[in-house]
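Here the structure comes first, spelled out in structure tokens, and everything after it is commentary.
The values are calculated or read from the model by the stated rules, or taken from the named source; none is laboratory data. Computed from a predicted structure; not experimentally measured. Neighbour counts run over all protein chains shown; Cβ positions are idealised from the backbone, glycine included. Surface areas here come from the heavy atoms of the whole protein model, side chains and all, with no ligands, DNA or RNA. Shrake-Rupley method; radii C 1.70, N 1.55, O 1.52, S 1.80 Å.
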Amino acid sequence: MVGVSAGYYVIIYYFNFVKPFCIDPFATGDPSAIALAIPPLILGLLFYARFTKNYGWLSRWSMAFYLGVGNGIAIPRTLEQRIIVQTESTMFALWGNSVPFDTLVNNWIIFIGTLATLIYFFFSKEHKGSWGLLARIGIIFIMVGFGASFGYTVMGRVSLLIGRIGFLLKECLHVI
């Protein structure tokens, strides 16, 4: 299984990346396409320098380039999707005449829940007094969140089970 999937991916990568970006530009003879194909071709070939004793250090240049570019692309996207978007979703109006009352109540619940949950995870101060009360409220919000997530997962699995049982009874056994 591993050998078949490795061979499959070698063929996929060859026809999707190596051939169109490294071989076809040389076949066309277009100087601008050849100029664009040479740097990735050299960086890719430098990976094979790892197998030689005297030139093994050259593969570090390729590794450094690919890791730098990959991190340069991944880190800002990850910050945007996992931190900034979640932070923005907790910033909303907590008072004002233009906001409906039920929206204000929901906004305050989200604000207090977020604040209490963060206070629960703040371990530098002992959880006593009003700080401890907010930490206990944070625990309640965490438990409700985990419970809702677990309930959603169970309902999804039960729904899949009902669908499979219905398929078996209707299509395979012809009972229904």
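Among the protein heavy atoms of the chain, carbon and sulfur supply 72% of the accessible surface, probe 1.4 Å, non-protein parts ignored.
Rolling a 1.4 Å probe over the heavy atoms of the protein chains gives the stretch 21-176 an accessible area of 80 Å² per residue.
For the chain, the relative contact order works out to 8 percent when only alpha carbon pairs closer than 8 Å and six or more residues apart are counted.
In a shell of Cβ-Cβ distance under 15 Å around residue 115, excluding residue 115 itself, what net charge do Lys and Arg (+1) and Asp and Glu (-1) give? With Lys, Arg at +1 and Asp, Glu at -1, the neighbours total +2. When peptides 100-108, 4-12, 20-28 are sorted by average Cβ neighbour count within 10 Å, with the highest value leading, the order is 20-28, 100-108, 4-12.
The alpha carbons of the stretch 123-176 occupy a box of 65, 16, 7 Å along the principal axes, longest dimension given first. If you wrap the Cα atoms of the stretch 1-116 in a convex hull and average its projected area over all directions, you get 15.4 nm². Directionally averaged projected area (the stretch 59-176, Cα convex hull): 16.6 nm². Full extension of the chain segment joining residue 43 with residue 82 gains 10.9 nm, where the gain is 0.36 nm per residue of separation less the Cα-Cα distance. Estimated purely from DSSP H runs of n ≥ 4, each contributing -39500 (n - 2.57), the mean residue ellipticity at 222 nm for the chain is -22000 deg cm²/dmol once divided by its residues.
Put simply, the convex hull of the Cα atoms in the stretch 1-42 casts, on average, a shadow of 3.1 nm².
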